[in-house]
1. Just from its helices, what would the mean residue ellipticity at 222 nm be for the chain, if runs of 4 or more DSSP H residues each count -39500 (n - 2.57) and the sum is divided by every residue, rounded to the nearest 500 deg cm²/dmol?
2. Once R0 is set to 35 Å, what does the formula 1/(1 + (r/R0)^6) return for the Cβ-Cβ distance between ILE314 and ALA107, expressed as a FRET efficiency to the nearest 0.05?
3. Taking 0.36 nm per intervening residue step and subtracting the Cα-Cα distance, what contour gain separates LYS117 from SER170 on full extension?
4. Enumerate lysine pairs in segment 78-215 that are 8 or more residues apart or on different chains, then count those whose Cα atoms are under 16 Å apart.
5. Using a 1.4 Å probe and ignoring any ligands, DNA or RNA, find the accessible area of TYR289 and quote it in Å² to the nearest 10.
6. Near LEU263, within a Cβ-to-Cβ distance under 11 Å, what is the net charge of the other residues, with Lys and Arg +1 and Asp and Glu -1?
7. Within a Cβ distance under 10 Å of GLY280, other residues only, what is the Lys/Arg minus Asp/Glu net charge?
8. Out of all DSSP beta bridges with both ends in the chain, state the antiparallel percent to the nearest 5.
Amino acid sequence: MGKYITLGEIMLRLTPRNFERLVQTKELELAYGGGEVNVAVALANYGKEAYFVTKLPENELGQGAIHELRRYGVNTHYVCRGGERIGIYYLERGASQRSFKVLYDRAYSAMAEASEKDFDWEAIFHGGEWFHFTGITPALSDKCIEITMEALKAAKKENVMISMDLNYRSKLWDIKKAGKVLSEMAHYCDLLIANEMDAEKLLGIPIDEAYRKEGQIIDEGYQDIAQKLIEKYKVKYVASTQRENFSASQNGWSALLYEGNKLYKSQKYHMHIVDRVGGGDAFAAGMIYGLSSGMGNQQALEFAAAASCLKHTIEGDFNLVSVEEIEALAKGDRSGRVQR
């Protein structure tokens with residue numbers, strides 16, 4: 001079995017208890033998380049040989065992150081140690097009509113200050129099967145742009161499958177710079193995870209207004225966008241989740257996959273949300289697992305959509321569900337009955 005490699009930053013996650021607001025709480029729950037590490041944990045949980053590549057400080061918080069990775073079966077052999085601090089994010093849980101809110105405190109983190117010399121890409125990608133990253137990693141610093149580009153070149157040289165979730169974060173960089181950088185990186189990818197707004201605002205793929213209905217893009221519109229992305233970047237797959245925001249607590253959830261001039265659509269879920277952070281990462285991990293495990297396109301998409309649906313029921317960044325639980329939901333078991 002080949003190596004499944006993700007590159008990014010693991011952060012401390014600090015969350016008020018019981019839906020309290022940051023201005024009122026006296027307690028914060030500590031956990032770890034971050035886009036690419038969430039994918040690594042899920043893949044390890046599914047039985048894949050998952051490696052997380054990052055840089056962490058030589059202190060107790062950095063070591064705590066190492067312990068957390070090892071706890072969930074992620075290989076930490078390529079974690080570089082050094083730097084001054086670990087990134088932090090504060091999550092204020094939303095409920096009903098009050099949205100979830102994230103505050104970042106990650107400037108000058110060990111990963112943001114890392115350099116290309118910290119990573120031996122030839123060794124990292126030797127025996128690699130899949131490499132995944134998100135648009136968050138190059139957003140951390142100009143140094144991280146260089147690191148990500150070197151990783152992409154090394155992965156391509158080793159014929160490793162590459163996926164990118166665009167994941168634009170306006171609090172980290174401006175959209176013009178993000179579009180330029182991520183467009184260059186998209187040329188290396190086999191799977192792009194991008195919704196219609198990502199495609200239009202970041203990658204310059206216009207949306208035909210004929211495909212809009214009541215403010216939403218219809219399936220034929222996404223198929224048109226996906227085909228244009230494939231033609232522009234020569235990727236094999238384009239995928240996206242579709243979220244319907246009824247409230248912070250109630251969402252509709254489904255997903256799309258485009259490959260070979262055919263659009264695949266998953267079944268739709270109505271979710272009562274416990275924690276929505278990491279839902280997109282759970283989808284990415286599900287797609288990687290499904291496509292690399294010999295599933296057909298429809299089956300892989302259903303697996304990914306079900307995996308991300310279940311993530312919304314779990315507190316924390318990580319998707320701690322089994323392959324069997326995901327497959328049961330994908331096959332229609334939505335009863336929620338007690339398992340005895």
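1. Working: 11 runs with 118 residues, N = 340.
Result for the chain, helices only: -10500 deg cm²/dmol.
2. So the FRET efficiency works out to roughly 0.75.
3. Working: separation 53, 0.36 × 53 = 19.08 nm, distance 2.84 nm.
Extra length available between LYS117 and SER170 comes to 16.2 nm.
4. Total qualifying Lys-Lys pairs in segment 78-215 comes to 10.
5. We get 30 Å² for TYR289.
6. Numbers: positive: LYS262, LYS265; negative: ASP219, GLU220, ASP224, GLU259.
Here the count lands on -2.
7. Details: positive: ARG243, ARG276, LYS311; negative: ASP165, ASP281.
The answer is +1.
8. Values: 30 of 56 bridges.
Of all bridge pairs located within the chain, approximately 55 percent are antiparallel.
The values are calculated or read from the model by the stated rules, or taken from the named source; none is laboratory data. Every value quoted in this text rests on a predicted model; they were computed, and no experiment measured them. In this analysis, Cβ positions are derived from the backbone assuming ideal geometry, glycine residues included, and neighbour counts consider all displayed protein chains. Ligands, DNA and RNA are stripped out before the accessible areas are found, and what is left, the full protein with its side chains, is counted by its heavy atoms. Shrake-Rupley method; radii C 1.70, N 1.55, O 1.52, S 1.80 Å.
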